Amino acid sequence: MTAAITANLPVFVVIAPLFVAFVLPTFARRMRLVEGLVIFVEALGLVGAGYLASIVLAQKGIPIIYRLGGWPAPWGIELEVGSLGAFFLLVIAGVSLPVALFARGNLTKEVGSKERVTRFYVLYLLLNGALAGMAVTNDLFNVFVLVEVATLSCCGLVSARNHPRAAEAAFTYLILATLGSTLVLGGIGFLYITTGHLNMGFSSQELGRIWQDNPHVVWVAISFMLVGFGVKSALFPLHLWLPDAHSTAPSPASAILSGLAIKGYLICLLKILYNVFGHTLIQAFAVHRILVLAGMVAIIAGSILALTQDELKRRLAFSTVAQVGYIYLGLGLVNTKGLTGMLFYLASHAVSKSALFLAAGAMIAATGKQSISELAGIGRKMPITMAVFTVGSLSLVGIPLFSGFIGKWYLILGNLEAGNIIPVAVIIIGSVLCAAYLFPIIRTAYFEPVADEDWQDPGLPQKISLILLAVAIVILGVLPGPFLELASRAAAEFLVLQ
Amino acid sequence: MHFVAVDYWIMILLFILVVASLAMYFIKDLVHAVIVYGAYSLTMALIWLQMNTPDLAITEAAAGICMTVLMMVVIFRTSRREE
Amino acid sequence: MRILLEKLMANYPYFAAVVLFTIGALTVMTRSNLFKKLIGINIMESGIFLMFVAAGNIRGGAVPILDEANTKSVYINPLPSALMLTGIVVSVSVTAFALALIVRLYKSYGTTDAHRIAEMRNEVSER
Amino acid sequence: MLNLILALSSGVVGGLIVAMMPQANHRLRNLVVLVFSASGMVFSWRVAQMVFAGESVKIAGEFGGLAWSLAPDPLGAVFGLIASTLWLFAAVYSFGYMAQKHKQRTYYTFLLISLSVTLGVAFSGNLVALYLFYELLTFATYPLVIHERSSEAVKAGSKYILYSLSGAGAILIAIVITYRWAGNLDFAGGPILVGCLKPGLSWLLLLFVGGFGVKAAIMPLHRWLPAAMIAPTPVSALLHAVAVVYSGVYGILRVVYSVFGHELMGQLSFASILPWIAAFTILVGVAIATQQDVLKRRLAYHTISQLSYILLGAFTLQPWGLTGAILHMISYSTLKVTLFFCAGIIAEQTGETKVSRMGGVGWSLPKTMAAFGIASLGMIGMLPLNTFWSKYYLMKGSVAGGRWPLALVLIGSGIINALCFIPTVVTAFSGERVRSDTEQGGRVALMLAPTMFLAAISLFIGLWPGIVWSGVQAVVDWFF
């Protein structure tokens, strides 16, 4: 029995949200049931991810491989839950459960009618399924399909609010994201044409044999991938869609988009770079230098852009641009420490940023105010919300005891191992800038005269979800043991390949 | 996978494709552009057929018609001219 | 020059794919009309599809259907076309979604031009 | 171990209790603050006793794969003693000073939490714990800096945060580099980097000193300190003359003696420049101080100068120099807190903050100005006061290190100090005050008592330096 469950769990975690997503519209009138079902599926996903992670940890690096339809690898499609897959599945489940909980009973105000809420949940689950798929897939074309599913559901989530600006942001996002996925498809095409395989492992082997004969094709494929995923994950000069999309979406959607969706694309890029091209090619083509450089530019530019925003959610959105820079910087560190730091930072940012967006959403919902200067004294009126916001900010800035610190620690360590000096300085400057754009919010909230208005903490489910995320941040910061273990193993596996 | 000789049919069709796409870039009237898009997609279907992938040809034809019609409908509900 | 031309002639579907991709990208980036952007996206995608299918095509190969009447021994690679089937479906759904958004935008702004919409949004936020 | 936990937690627990208490009941709250700062002091005395007796006190743990430990050695114990003792005085002074001010609850909450964090800095047993508490100290003291909530205070607060975080960032990089080179961050087993001669070692030292130097207000990095004087006087006295700036100084002492060790330091070319930077800060700081008319700003620049005395002692890398540095840590802190307390009383009772308008203040506030006079003499380094001994050992250390010009710098600085403070005292006792401000009433008594007591302690240590000698000796023996 357990064996059967274990054997089928990799596909189950992907299928379950997708299946429920399609069942959901039939219950559209019974809101309670819909919300319950969503939360149930998310909880199930968390349990499944935890179980898979425990197995992967126990198996010491032997991944769980699931063959769709029972076909073996070069012909069939493989799902592989290795350290990376289990790690990202945990991140997905750990973030999307609180976010779903936050949406409960609260969403109708933001998106309008009940039907729209149901539609929101459908898209939410589709996105979840797609992300889970990205975590476990081992097939290049599957990457494209999942990326497209995720993109479309993200667009749907962005446009969930019945507001012209939301529609506009969604359209911009749709066009740019489709451009990105077309580029990704092109890159996959080049890989397929040169190697004749879509399975990542086989493709990588073949590539290792022939890349010296066709360096141009490899170049083109890498650059297509980089630009394609760069657009999708909002790497600095390609981030144009992000601020509008993430600030006009309903708060749970902003949280999931900033926290998870971008991370999904980054995980895909990571897999393609390290599992398909492999670290020898990355170094041979100096891709790692490009990544580090791009990350540095993104950190500085994103932070400075965030400093100039007065609208709370826009500032958080630009902060995402800056934080993505850290992850790109980590992607370019071809050593275990750096990649561990990158993965951990990715998880840390997923949790922290969704906590920040949810807290911001709760504040905006309670006050009706968008800009930071109008939120004076809110820390007294909404203590829990603001406390969670503070925890999230501290984590992003990288204060010890919170998750961001450990990510930054390993990133710096990785940089030193790679012999990079300037990126280390940039990481620190980024933290200081991050403090510069987040602490004024906290100061305004706690240390300015309280406005005489009836602002209150959100309802119980929202509070629970906020507290869950804050606890997750602190746990990741204080006792990251198994999590760090998974991340460092995944990193080590990337570097073992050829 | 090198093409030793040239398949002229495919070449002509590809040429039409390029011309059509350029036309879509330049035409100001959106209805005309969408009509060209319909032609483009039909050409595409023919190319698929020439390349021995009939399944793709059928899909492309269906999808092309579907998209053209949808775009037409939307254009008639919104504005026709490009500003 | 001659070698280049020969290479082009030998790989003409790829060449066409690149041209289509470029024209599509150009349309997306330089045309401000939302329909044009949409059409551009579709052109780009078909360029990529063309590349894939051309890679799977073998001159003189047969449609890969196993049949008594099908006597040829060389079949084309069926995988790319199967993949592009998915691609086409995805592009249709993107188009449909974009069209829905265009309708919504037209209702709120009264135009389908991206620049005009951006201008009007600024007016809205200033007010 | 229990003592250590109690010493560390009393501040946080007290702070949380204060935060939850109702706003109105001032008496009860003052009692709570008193009890918890006293308990913080008592338990850190106990910890210090155990450390000086040679017992090992240690708590260790791990977060995020990084080991942290709290294991005070004599240096940490001395710092803990200074901080927690002065904290009690400042708390009592605050009862008087803050009595009619607003936002008292926030003030006392963060005052107590800062106590815990400062003790954390003092008792940290490795670089990770030190960094953690050093970073937390910035945030714990931030609300105290912006206590006025005026736009000026907010600006000063932002400056404070940005300076501190940048410094902390440099320290983080330095710690990671140390970790990479040495694989160990513990202070316990002798200098961390011993036997680790790498070409970038000088730069690592620069990073460390630059990072901690922000809080220690070494000259180009000092700008936040005068700005932060906007805070209430007890805060300026305690944090910006002692606790926060001492955490920076303490960090540098740690870097010099626990991370590099004096032997390794002696081989670094950069290390020979550091005493001169300190000397520069000493002279320029006090010279700027003489130009300031606002008393608190004068004291702030004076702080910058005096902190570098300690650093200078540390940078000589001589046992005598370190003796002088530790002695100066103890003596300077009591005197400077006295000076600040006096400035606070003057400002509260007469409304005067500028030196030039203090003519005749001495006649209406005789006890205050007497204490001020004593402290001024101490700052010059006169004999009956404790700073005489520290300066004596500092000079001895500089001469022993073969850098005799430093001794001249110390003498010169003493003269400028005299120029800085003696005129103030003279002005205060010359001329008549029109307004009759007095030192009567319970509120002033609450402020005056700790001031006088501290002045008395300084005199006492000056006359019988033997009472602090055992602690100082323990520190020097520990490192040499």
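Just give me the residues in region D:160-190 being open to solvent by 50 Å² or more (accessible area, probe 1.4 Å) and either closer than 30 Å to D:L264 by Cα or of a type in the set (K, R) (or both), in sequence order.
D:Y163, D:S166, D:Y179, D:R180, D:W181, D:G183, D:N184, D:A188, D:G189 - these are the residues of region D:160-190 that are open to solvent by 50 Å² or more (accessible area, probe 1.4 Å) and either closer than 30 Å to D:L264 by Cα or of a type in the set (K, R) (or both).
For region C:6-45, name all the residues that are at the interface with chain B (Cβ under 8 Å from one of its Cβ atoms), in a helix (DSSP H, G or I) and touching a residue at least 40 places away in the same chain (Cβ under 8 Å).
If the condition is that a residue be at the interface with chain B (Cβ under 8 Å from one of its Cβ atoms), in a helix (DSSP H, G or I) and touching a residue at least 40 places away in the same chain (Cβ under 8 Å), then C:P13, C:F35, C:L38, C:N42 are the ones that fit.
Of the residues B:S41, B:S79, which single one is surrounded by fewer than 20 Cβ atoms within 10 Å (Cβ to Cβ), within 10 Å of chain C (Cβ to nearest Cβ) and among the hydroxyl-bearing types (S, T, Y)?
Criteria check complete, one pass: B:S79.
Answer with yes or no whether D:W45 is closer than 26 Å to A:I399 by Cβ, under 20 Å from the mean Cα position of the chain (by Cα) and among the aromatic types (F, W, Y).
no
Taking A:I427, is it of a type in the set (V, I, T), open to solvent by less than 10 Å² (accessible area, probe 1.4 Å), farther than 15 Å from D:L66 by Cβ and assigned to a helix (DSSP H, G or I)?
Judged against the criteria, A:I427 is a match.
Report yes if some residue within region D:229-236 is among the small types (G, A, S) and either open to solvent by 10 Å² or more (accessible area, probe 1.4 Å) or at pLDDT below 90 (or both); otherwise report no.
yes
If a residue has to be touching a Leu at 6+ places or on another chain (Cβ under 8 Å) and crowded, with 24+ Cβ neighbours inside 10 Å to count, how many in region D:359-370 make the cut?
So the answer is 1.
Residues that are in contact with a His (Cβ under 8 Å, 6 or more places away or on another chain) and more than 7 Å from chain D (Cβ to nearest Cβ): does region A:401-412 have at least one?
Looking through region A:401-412, at least one residue is in contact with a His (Cβ under 8 Å, 6 or more places away or on another chain) and more than 7 Å from chain D (Cβ to nearest Cβ).
Need the failing condition index for D:L28 against (1) under 26 Å from D:L127 (Cβ atoms); (2) at pLDDT 85 or above, just the number.
(1)
When region A:376-396 is examined, which residues are found to be open to solvent by 10 Å² or more (accessible area, probe 1.4 Å) and assigned to a helix (DSSP H, G or I)?
Once the filter is applied, which keeps residues that are open to solvent by 10 Å² or more (accessible area, probe 1.4 Å) and assigned to a helix (DSSP H, G or I), region A:376-396 yields A:R380, A:K381, A:P383, A:I384, A:A387, A:T390, A:V391, A:L394.
Has region D:290-298 got at least one residue that is over 16 Å from the mean Cα position of the chain (by Cα), within 19 Å of D:A400 (Cβ to Cβ) and at pLDDT 85 or above?
no
Restricting attention to region C:91-115, which residues are open to solvent by 20 Å² or more (accessible area, probe 1.4 Å) and either among the polar types (S, T, N, Q) or facing another protein chain (nearest Cβ under 7 Å) (or both)?
C:V92, C:S93, C:A96, C:F97, C:V103, C:R104, C:Y106, C:S108, C:Y109
Looking only at region A:207-250, filter to residues that are part of a helix (DSSP H, G or I) and touching a Leu at 6+ places or on another chain (Cβ under 6 Å); which one of those is surrounded by the fewest Cβ atoms within 10 Å (Cβ to Cβ)?
Among those that are part of a helix (DSSP H, G or I) and touching a Leu at 6+ places or on another chain (Cβ under 6 Å), it is A:V227.
Being closer than 30 Å to D:Y179 by Cα and in contact with a Ser or Thr (Cβ under 9 Å, 6 or more places away or on another chain) narrows it down to one residue among D:A90, D:A83; which is it?
D:A83
Restricting attention to region D:381-414, and to residues there that are free of Cβ contacts under 8 Å to residues at least 24 places away in the same chain and among the aliphatic types (A, V, I, L, M), which single residue is most open to solvent (accessible area, probe 1.4 Å)?
So, considering only residues that are free of Cβ contacts under 8 Å to residues at least 24 places away in the same chain and among the aliphatic types (A, V, I, L, M), the one most open to solvent (accessible area, probe 1.4 Å) is D:L408.
Of the numbered conditions (1) more than 9 Å from every other protein chain (Cβ to nearest Cβ); (2) buried (at least 24 other Cβ atoms within 10 Å of the Cβ); (3) out of contact with any Ser or Thr (no Cβ under 6 Å at 6 or more places or on another chain); (4) at pLDDT below 90, D:G157 satisfies every one except a single condition; which is it?
Only one criterion in (1) more than 9 Å from every other protein chain (Cβ to nearest Cβ); (2) buried (at least 24 other Cβ atoms within 10 Å of the Cβ); (3) out of contact with any Ser or Thr (no Cβ under 6 Å at 6 or more places or on another chain); (4) at pLDDT below 90 is unmet by D:G157, namely (1).
Which condition number does A:L140 fail, the rest of (1) open to solvent by 30 Å² or more (accessible area, probe 1.4 Å); (2) within 23 Å of A:W75 (Cβ to Cβ) being met?
(1)
Do you know which residues across region A:72-123 are open to solvent by 40 Å² or more (accessible area, probe 1.4 Å) and in contact with a Phe, Trp or Tyr (Cβ under 7 Å, 6 or more places away or on another chain)?
Once the filter is applied, which keeps residues that are open to solvent by 40 Å² or more (accessible area, probe 1.4 Å) and in contact with a Phe, Trp or Tyr (Cβ under 7 Å, 6 or more places away or on another chain), region A:72-123 yields only A:P74.
The values are calculated or read from the model by the stated rules, or taken from the named source; none is laboratory data. All values reported here derive from a predicted model rather than from experimental measurement. We place every Cβ from the backbone using ideal geometry, glycine too, and count neighbours over all the protein chains shown. Calculation scope for accessible area: heavy atoms of the full protein, side chains included, ligands and nucleic acids excluded. Shrake-Rupley method; radii C 1.70, N 1.55, O 1.52, S 1.80 Å.
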